[in-house]
Structures are given as structure tokens and as C-alpha cells.
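Input: a single structure, listed below in C-alpha cells.
The values are calculated or read from the model by the stated rules, or taken from the named source; none is laboratory data. Note that the structure is a prediction, hence the values are computed from the model and not measured. We place every Cβ from the backbone using ideal geometry, glycine too, and count neighbours over all the protein chains shown.
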Amino acid sequence: MSARTASSLRLAWSAVILALCAAPGAALEVDPIYRMQVLGGQYFFAGEKGNLSGNASALAAPALRFDDRWALLPAAQASYQGTKQVVDLVGAGTLFQEQMDYRGSARLVWSPEGSPWRLKPFFSYKYELHKETKDERWGSGLFDYQKWCLGAEAEYLWRDPFSWRFGVDYYETNFPNYSSLESRAALQFQGQSLAREMVGDKVLNNQNLALRLAVNGPATERLVLEASLGTTYRHFPQQRVVDSVGNLTGAAREDFYNVATLAARMPAELNRDLRVLGGLELGYSYNASNQNNYDAANTRYNPYYYNYGEWRVGPSLQLSAGPQGPGSRPMTLNLSASWRRRRYPYRTAQDAAGVYDGSVLRITGWTLDAALQYPMARNFSLTLDVQYGQAGSNQMFEQFYRYNYKVTDYLFGISYAY
């Protein structure tokens, strides 16, 4: 952990302690939440069949209420995923064999007496580790990263429980082991790597300032709508901008990521023991970057290489069967799907040999998911989860990243919730 990160951690915890000391004395109420899940399963990826592998996660979140105005919500979480997956960390899909992460957060909630406003400052830290090969050691992964965040949210209850929410976050993401994937590759042209902007240490480290606005409310008696807008300024202090002849300039890379979402949810009670919750979410995002790319192997300059627009659609359906109400444990079945289409307006697709074909690069993907929770003994449930995903693109050159693949996995096991 860097000295700057450690200093930020001390500052965040000092702010929490001072806020708690300022809160009036009252009887402390503790409402703990504990969850643990242990699953085994198998994946089928790009024609390969994996061995039986494990997945596990644990969460501890003891909510602390000091009085009607002050509350503290700390949380600690850890997870391990042994099934193969493709993750987009650098603008394209990288294949990982295993993944593990640790997270910690604390959110302070202040509700002024008689006011519809709530103020929620928070701090979070995450350390995520990836293994690209089975024999790779934990902690040495090229794309391992640490992320810490300081932020605050102001919530205005305009019609309880519906609200307006305004948020601002500052966060940093650091890749301690990244030294450039392209610089490790054998394929070079006249001593230059294929992607000049990725040459060097810490070039993926970034600093971010994010603003967001969200509102939810009833459209009809049962239909609830939620809309949100967000923008993030992202600065890469160690990544230099590439010019038209492949040289690195003195300017650093800067991105502006903008996103808008609209969601609708409608519950229905079919009978006393069967409830349904339907949902649909639509989103659009656009990333604007000043970074370019120079493909030395083809002597080609690609301006605004990281600009893209993406549409997302996600329907969902939750069925709850059994006794309803406080303390009850009905069986739940969650069905969901997602579709996404990303277009890079300034990139040209390549064939399998790396030759540019003149078409604008596009990536389309979709996933289907079915998850069942069946209650067993007290606080324990049987869990079954089946997923299928597919990604397709007109980009056939996949020496470094994955653009076209199919993946299926199933998981089964026991979950505990308290």
C-alpha cells in the first residue's frame, strides 16, 4: 500500500471517529448481517470443459444505530471464483482462470431531525487478484489491482421511500504488477511494441472524479421507475498520449465516461404464497478519450482509439413461492438476461492475421442467468445457478484479447444468511 493510500485511509477513519464522537450519547443498536456461500461447479468455455471447481464468498455487515439521527454501516467481504471467465479491464476481454477479491467499506448516515435530507459519507477499499494461468502465483497477476474510494451522497426523500440522490466520489485504481502486456509480447516491428500507449510501468493506474444524480418514484400504483445520470473524469498520470508517428508526447491520457440508465420494476401478487417482481433496465454509455494508438506492425495510426458508445438492455424476473412476510423464508427463482452492443467509431476491425478490413469495430454480447434459492435448515439454503454467455465481434485478431467466445457454467452448493 502506498504512503498516499495509507494517509487517505487514516484520514477517512479519523473523519468517521470524529463524526461518531459528535453524535449524542444513546443506546447502541446492532443489527448484524452475515452471509456465506460455498459452491462447486463446472464451466464450458470455447469448446473446453473444465474440471469441477469451487466458488466461495463471505460477507459481514453489522449495522450500528446510535439514535434516530446517526448510524454506521461497516462491511467486510471476501470472495473466490474458480471458474474461468473473461473480464474487461483494459477495454477488451482478458481470459482469467481464477479470481479473488477482498473489500472493506464504512458508510456513515446522518438524518437531521424533522428533515427529508440524509447525508451519507463513505469510504471503501478493494483488492482484486487474477490468475491468467493455473501455475501463476497469487499476488503476481498482471491485472491485479487495488482501488480505494472516498465519497458522499445526499439523499432527499421527496415521497418516502422514493428519493433524489446526489453523489460525488474520488477514487484511485492502481495496478501494482502491470508493466505492459504488449512489452512482454514477442511480436514487434523495428523494435517498437504493437501498442505504444501501453509501454511502461503503471500506465493503467488512474485517478477519478465521479458525479452522479438519480431519482426514483411511482409511475402507477405498482410500477416504479428509476433514472440516473453519471459522469466520470479519469486521469492516467503515467500514460502518455501517442502522436501520429508513434511517439509518446508529454500529455497524459484523459477520459470522460458518461452513462445514463432508466429502469422499471413492477411487483405482482398472484396469490397469497406466490409473488413476482419484473424488471427492465435500459442504459447507454459513452467514453471519450484523448488517447490514440499506433500499430507499428501495420504502420497505422488510429486516433481516439478508446472512444466507444454502448447500449445495454437487461430484463429480469423474480418469483417468490411460500409464506411471505417478516421472518419467512420463501423459495426464490431469479431469471435475468442482458444484451449489450459496443461500437468503437474510430477503430477498424482486423482479420485473424491482423489486416484491417475497413469496417468499424463492433462487439455484441448477451448472457442468460437462472438462480434458485431453496430454504433448508434454519438460515441455510440450497443454491443452484446456471449461466450462459456469448460474445461476438467483427474483430478477428485475438492475439492479446478475446472478442469472440461462448461460455456456460453451472454452480451448486449451500448458502448461509443471518
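In the stretch 176-195, the count of residues that are touching a helix residue (DSSP H, G or I) at 6+ places or on another chain (Cβ under 6 Å), among the hydrophobic types (A, V, I, L, M, F, W, C) and at pLDDT below 90 is one or more. Scanning the stretch 220-244 for residues that are at pLDDT 95 or above and assigned to a loop (DSSP other than H, G, I, E, B) returns a single hit, 223.
Under the condition of being part of a loop (DSSP other than H, G, I, E, B) and at pLDDT below 95, which residue from the stretch 305-321 is nearest to residue 245 (Cα to Cα)?
Out of the qualifying residues, it is 305.
Beta carbons closer than 6 Å, at least 6 apart along the sequence or on distinct chains, never pair a first residue in the stretch 318-337 that is touching a residue at least 60 places away in the same chain (Cβ under 8 Å) with a second that is part of a strand (DSSP E or B). Restricting the stretch 101-126 to residues that are of a type in the set (D, E, K, R) and in contact with a Pro (Cβ under 9 Å, 6 or more places away or on another chain), the residue that is nearest to residue 202 (Cα to Cα) is 107. Comparison of 255, 169 shows that the only residue that is buried (at least 18 other Cβ atoms within 10 Å of the Cβ), assigned to a strand (DSSP E or B), touching a Gly at 6+ places or on another chain (Cβ under 9 Å) and at pLDDT 90 or above is 169. What residue, among those in the stretch 102-143 that are within 20 Å of the chain's Cα centre (by Cα), surrounded by fewer than 18 Cβ atoms within 10 Å (Cβ to Cβ) and of a type in the set (D, E, K, R), is farthest from residue 177 (Cα to Cα)? Result: 103. Test residue 68 against the criterion of being of a type in the set (Asp, Glu), modelled with pLDDT under 75 and surrounded by fewer than 19 Cβ atoms within 10 Å (Cβ to Cβ), and give yes or no. Criteria not met by residue 68. Restricting the stretch 127-154 to residues that are part of a loop (DSSP other than H, G, I, E, B) and among the aromatic types (Phe, Trp, Tyr), the residue that is farthest from residue 207 (Cα to Cα) is 138.
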